[in-house]
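Report on one structure; see the data block that follows.
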Amino acid sequence: MSMTPEEIEQAAEALLEAERSRKQIGLLSKAHPAIDMADAYAVQAALVKRKLAAGRGIIGWKIGLTSKAMQAALGIATPDSGVLFDDMLFENGATVPAGRFIQTRIEAEIAFIMKAPLAGPDLDRDQVLAATGAIAPALEILDTRIHRADPETGEPRKVFDTIADNAANAGLVLGDERHDPLTTDMRRAGAILYRNGEVEETGLGAGVLDDPVIAVAWLANRLAEQGQSIAAGEVVLSGSFIRPVEARVGDEFVADYGTFGSARCRFG
């Protein structure tokens with residue numbers, strides 16, 4: 001790790017204040033040019049610790065950067081992950097209050113609802129399926145407390161910035177439908193994402209590491225490196241199979257998964 005413990009704590013506090021004030025901070029990758037994955041996850045952990053101390057509860061995990069296109073854009077070859085908190089969950093069809101977030105975007109995903117604990121390392125597909133109680137259509141709401149690009153140079157944020165910022169997650173919407181993971185072909189489950197009645201994106205579950213189940217195995221194996229695991233009852237967002245779509249004030253989103261169901265929300 002290149003960041004000192006003091007710098008890690010300062011970065012976590014700055015991110016928390018950015019969330020409170022709705023004012024973004026500068027790129028950590030610019031302030032700390034030698035930042036690495038260990039640093040980024042350490043900042044995320046310090047941020048999570050602060051949220052737990054403030055009374056938030058963990059309800060699950062999100063996996064990001066699962067598509068080849070997104071990995072290539074950031075010059076990495078691995079996904080990232082973040083923590084889902086209880087205040088992030090919105091009812092299906094909910095209106096997200098105006099001013100809740102800073103620069104909101106939407107992604108379509110398949111959510112895993114765990115019925116048993118899942119702990120790595122060396123998990124395989126069958127072990128993930130055995131621990132999964134149901135899968136559901138979902139929308140992930142993204143936000144960024146760090147500038148997407150440096151205001152002075154235009155240099156885009158790096159994966160370290162995203163990881164430190166709790167993998168840019170902000171909210172989730174679960175559809176009402178629940179499906180058996182053992183009898184559902186998740187690779188071919190897909191969605192049409194509508195914004196205000198117009199098609200913005202389409203995609204298939206296979207865009208997530210060729211199989212969303214593999215993404216969940218990756219998460220549990222990564223968490224094991226830090227002595228963590230996925231708990232029974234937690235929700236895991238397995239990763240988006242579409243590009244993120246900007247959410248503006250007044251926008252209404254519907255992710256139509258066909259026979260798999262739907263998830264929707266609007267922005268006040």
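Could you list all residues from region 48-96 that are polar (S, T, N, Q) and more than 17 Å from the chain's Cα centre (by Cα)?
ASN92, THR95
Condition first: in contact with a helix residue (DSSP H, G or I) (Cβ under 8 Å, 6 or more places away or on another chain), part of a loop (DSSP other than H, G, I, E, B) and within 23 Å of MET114 (Cα to Cα). Now tell me which residues in region 233-268 satisfy that.
PHE241
Do we have VAL236 as buried (at least 21 other Cβ atoms within 10 Å of the Cβ), within 19 Å of GLY60 (Cα to Cα), in contact with a Phe, Trp or Tyr (Cβ under 6 Å, 6 or more places away or on another chain) and modelled with pLDDT of 95 or more here?
Judged against the criteria, VAL236 is a match.
Search region 75-93 for residues that are in contact (Cβ under 8 Å) with a residue 12 or more places away in the chain and pair each with any residue that is assigned to a loop (DSSP other than H, G, I, E, B) and surrounded by 19 or more Cβ atoms within 10 Å (Cβ to Cβ) when their beta-carbon atoms are under 7 Å apart and the residues are at least 6 apart or on different chains.
Correct list of pairs: ILE76/LEU65; PRO79/LEU65; PRO79/THR66; ASP80/LEU65; ASN92/GLY175.
With the requirement that a residue be within 16 Å of PHE253 (Cβ to Cβ) and either polar (S, T, N, Q) or surrounded by fewer than 16 Cβ atoms within 10 Å (Cβ to Cβ) (or both), what does region 186-225 give you?
Result: ASN196, GLY197, GLU198, VAL199, THR202.
When the residues of region 1-24 are narrowed to those that are among the aliphatic types (A, V, I, L, M) and closer than 21 Å to GLY55 by Cα, which ends up surrounded by the fewest Cβ atoms within 10 Å (Cβ to Cβ)?
LEU16
The values are calculated or read from the model by the stated rules, or taken from the named source; none is laboratory data. Just so we're clear, the structure is a prediction, and the values are computed from it rather than from any experiment. Note that we place each Cβ from the backbone using ideal geometry, even for glycine, and neighbour counts take in every protein chain shown.
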